[in-house]
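Peer 1: Before anything else, here's the structure in question.
The values are calculated or read from the model by the stated rules, or taken from the named source; none is laboratory data. What you see is a predicted model, and the numbers here were worked out from it, not measured in a lab. Note that each Cβ is placed from the backbone with ideal geometry, even for glycine, and that neighbours are counted across all protein chains shown. Quick note on the areas: whole protein, heavy atoms, side chains included, nothing else; ligands and nucleic acids left out. Shrake-Rupley method; radii C 1.70, N 1.55, O 1.52, S 1.80 Å.
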Amino acid sequence: MKRFQAFFFLLLTVSLAFCAGDSRWVNSSFKWRGTGVVCTEVFPLFSDLFRVSYSSPKGSLKITLVDVSDDHKRLADKVVVDSWHQTLPERKEYSGRSKAYLLIEGASAEWQVTVDQYLDTIQEWTLMNSDSKKDVQKPQKKVAVWASEGPSEIEYAPKAVSWRISTKNDDGAPVRVSVMTKEEKPRVLFKGLLRKDNAAATGWIHCSDPVMIKVECAEDSGWSIDVSQPQ
């Protein structure tokens with residue numbers, strides 16, 4: 001009986017090791033498309049190796065990887081793409097922590113960014129069934145709404161560490177919406193340009209301090225903004 005148990009555990013160990021060694025790139029684990037300055041939602045990393053792929057055919061792009069704690073507090077920043085200042089390949093590989101988000105800074109041209117992870121069978125299953133993955137997909141609850149015409153400045157005190165802003169223009173006229181910190185040297189957390197062919201812009205804000213939301217447009221241009229957070 002003991003020999004059988006020893007053989008069984010040996011077989012189980014070998015099987016798990018075989019599965020763990022069967023690693024592959026899990027394509028487009030997370031994918032974003034937009035314009036301007038946008039933060040992504042916090043996403044989980046289940047491997048020491050992942051890659052950031054990007055495309056911005058008509059404009060330069062800067063991407064910063066921000067490591068965060070379990071409660072989404074900012075731990076460390078690392079610029080992984082900076083096509084303004086140097087020529088980089090379209091794909092970069094980096095090691096990181098278990099949770100992170102991207103700060104994507106582009107011009108008015110559209111960009112596309114993906115994060116792929118190099119996972120074995122067990123890691124891939126864990127990713128697809130983890131609470132962290134489900135947190136990314138949780139339904140959102142609206143906590144603030146504004147709608148008006150013309151330029152405006154709105155002060156907002158967030159009710160969560162991470163929250164999402166969604167902006168729309170009513171008539172297709174150009175509208176620029178920016179979210180900035182209220183520091184002496186403000187940081188731009190979001191900048192979306194709404195045009196006729198781009199009637200909505202959405203991004204995540206990872207900041208619980210009061211912010212300024214600035215709307216730039218013609219006097220008769222209509223717009224709406226809503227803020228939501230995970231339920």
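Peer 1: Show me the ranking of peptides 211-221, 178-188 by mean Cβ neighbours inside 10 Å, starting with the highest. Kindly include the intermediate steps, with their values, before the conclusion.
Peer 2: Details: 211-221: 16.8, 178-188: 13.4.
Highest mean packing first, the order is 211-221, 178-188.
Peer 1: From the protein chains alone at 1.4 Å, what is the descending order of accessible area for Trp32, Trp84, largest first?
Peer 2: Working: Trp32 35, Trp84 120 Å².
Of Trp32, Trp84, the descending order of accessible area is Trp84, Trp32.
Peer 1: Ranking request for peptides 111-119, 165-173: highest mean number of other beta-carbon atoms within 10 Å first, then the rest in descending order. Kindly include the intermediate steps, with their values, before the conclusion.
Peer 2: On the way: 111-119: 20.3, 165-173: 18.3.
Peptide ranking by packing, descending: 111-119, 165-173.
Peer 1: Using modelled backbone amide H atoms (1.01 Å from N, in-plane), which distant-in-sequence or interchain residues come within less than 5 Å of Val80's amide H?
Peer 2: Ile63, Thr64, Leu65
Peer 1: Over segment 166-212, with every protein chain in place, what whole percent of the accessible area is carbon and sulfur at 1.4 Å, could you tell me? Provide the component values of the computation, followed by the final result.
Peer 2: On the way: 1240 of 2500 Å².
The computed percentage sits at 50.
Peer 1: If you don't mind, another one. Which pairs in the list Lys31/Lys214; Lys168/Lys191; Lys142/Lys182; Lys99/Lys191 are over 21 Å apart, alpha-carbon to alpha-carbon? Each step should come with its number before you reach the end.
Peer 2: On the way: Lys31/Lys214 27 Å; Lys168/Lys191 13 Å; Lys142/Lys182 23 Å; Lys99/Lys191 24 Å.
From the list (Lys31/Lys214; Lys168/Lys191; Lys142/Lys182; Lys99/Lys191), the Cα-Cα distance tops 21 Å for Lys31/Lys214; Lys142/Lys182; Lys99/Lys191.
Peer 1: Using a 7 Å offset from the Cα along the Cα-to-Cβ direction at both Asp67 and Lys196, what is the distance between the two label points in nm, to one decimal?
Peer 2: 4.8 nm
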